[in-house]
Amino acid sequence: MRPLSFAIALLALAPLEAQAADITVYAPNIVAGPLHKLADAWTAETGNKVTFAGFNVGRVRTAVENNDPGDVVVAPTGNFKDFAPKLMSGSERALGRIPFGVVVKAGGRHPDISTPEKFVAFTKKAGVLAYADPRVGSLTGGMVEEMLKRPEFAGVEARPIKGMIGDAIVRGDAEYGGGAITEIFMAKDAELVGPFPDALGLHVDVSAAVLKISTTPGEAQAFLRYVTRPAAAPVWKAGGFI
């Protein structure tokens, strides 16, 4: 009876194993902190695996345009108009807004940057503001670079760096950097000086959707429901989203 019972148990488990899926999510690093935590929790609950790809906005955009195999895309909301022909109708969901901030290595100086005037004065005194290199596809780096071209920032060195801005400041590429607060929160031994003043207009709204080419659209939609449910809101907030 024991071998028969074992066989019955295996048959009972087989449908559960068959339901497990592996979905690919194209997402930039600016969402990695909270999104990876939620993905890990979803995997623990469902057994479905999440593989991340893309890693910056430029590469995510290229993957979608080229119909690279995948199931979910996460990107700035402004891109979704162009993405529309590639998306499953009605699947788009807003994730939130990513503000920009100034980062310094832990223990560094925290100047007052609470107003546009104080922010400009800070950059001029610092002399250099680093940011993620837009030439490798960083949207947020490109936005900081464009800001520094404004007349009020004349004389401030715009310094593109390799990799994520928080990590670059920790390794000493510059004293201060500017970029997505979500990236700053992911860097060990980095500190947020403060957010960019709202009047500067630097932030990124982010959304997600299921790709038409998804081979597991049901699981992809379930993943999006999971990461946008009310219980997920504290994870996004802790990761720097508003």
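Just a few scattered comments:
- Hits in segment 99-118 (condition: farther than 16 Å from Ala174 by Cβ and not in a strand (DSSP E or B)): Asp112, Ser114, Thr115, Pro116, Glu117, Lys118
- Top-ranked residue of segment 71-112 - restricted to ones that are within 21 Å of Trp236 (Cβ to Cβ) and among the small types (Gly, Ala, Ser), ranked as most open to solvent (accessible area, probe 1.4 Å): Ala94
- Test for Asp68: is it farther than 24 Å from Lys188 by Cα, open to solvent by 20 Å² or more (accessible area, probe 1.4 Å) and assigned to a helix (DSSP H, G or I): no
- Subset tally (residues that are part of a helix (DSSP H, G or I), among the charged types (D, E, K, R) and touching a residue at least 24 places away in the same chain (Cβ under 8 Å)) for segment 20-44: 1
- Selection within segment 210-220: residues that are out of contact with any Lys or Arg (no Cβ under 7 Å at 6 or more places or on another chain) and open to solvent by less than 20 Å² (accessible area, probe 1.4 Å). The member of this set that is farthest from Gly33 (Cα to Cα) is Ser214.
- The combined condition, being of a type outside the set (Val, Ile, Thr), at pLDDT 95 or above, more than 24 Å from Asp205 (Cβ to Cβ) and surrounded by fewer than 18 Cβ atoms within 10 Å (Cβ to Cβ), is not fulfilled by Lys162.
- Of the residues making up segment 149-199, those that are in contact (Cβ under 8 Å) with a residue 24 or more places away in the chain, over 15 Å from the mean Cα position of the chain (by Cα) and assigned to a loop (DSSP other than H, G, I, E, B) are Gly155, Val156, Lys162, Gly172, Asp173, Ala174, Glu175, Asp189, Phe196, Pro197.
- Cβ-Cβ contacts under 7 Å between residues 6 or more apart (or on different chains), taken from a first residue in segment 49-65 that is more than 16 Å from Ile30 (Cβ to Cβ) and basic (Lys, Arg) to a second residue that is open to solvent by 20 Å² or more (accessible area, probe 1.4 Å) and part of a helix (DSSP H, G or I), are listed as Lys49/Thr43.
- Breaking point among (1) of a type outside the set (Asp, Glu); (2) modelled with pLDDT of 95 or more; (3) open to solvent by less than 20 Å² (accessible area, probe 1.4 Å), for Gly54: (2)
- Across segment 136-159, the number of residues qualifying as within 20 Å of Pro76 (Cβ to Cβ) and either touching a Pro at 6+ places or on another chain (Cβ under 7 Å) or among the small types (Gly, Ala, Ser) (or both) comes to 6.
Conditions tested, residue by residue: (1) under 13 Å from the mean Cα position of the chain (by Cα); (2) closer than 29 Å to Gly194 by Cα.
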residue: Val74; (1), (2): yes, yes
residue: Ser89; (1), (2): no, no
residue: Leu95; (1), (2): yes, yes
residue: Ile98; (1), (2): yes, yes
residue: Gly101; (1), (2): no, yes
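- Criterion: among the aromatic types (Phe, Trp, Tyr) and part of a loop (DSSP other than H, G, I, E, B) - qualifying residue of Phe241, Phe223: Phe241
- Annotation: of all residues in segment 165-180 being out of contact with any Lys or Arg (no Cβ under 6 Å at 6 or more places or on another chain) and open to solvent by 10 Å² or more (accessible area, probe 1.4 Å), the one that is nearest to Arg109 (Cα to Cα) is Glu175.
- Segment 129-147, subset more than 15 Å from the chain's Cα centre (by Cα) and of a type in the set (A, V, I, L, M, F, W, C), residue surrounded by the fewest Cβ atoms within 10 Å (Cβ to Cβ): Val136
- Filtered residue count, segment 186-202, keeping only those that are under 11 Å from Ile169 (Cβ atoms) and of a type in the set (Gly, Ala, Ser): 2
The values are calculated or read from the model by the stated rules, or taken from the named source; none is laboratory data. Worth saying up front: this structure is predicted, and the values here are computed from it rather than measured. Note: ideal-geometry Cβ built from the backbone for every residue, glycine included; neighbour counts use all protein chains shown. We work out accessible area using only protein heavy atoms, side chains counted, and drop any ligands, DNA or RNA first. Shrake-Rupley method; radii C 1.70, N 1.55, O 1.52, S 1.80 Å.
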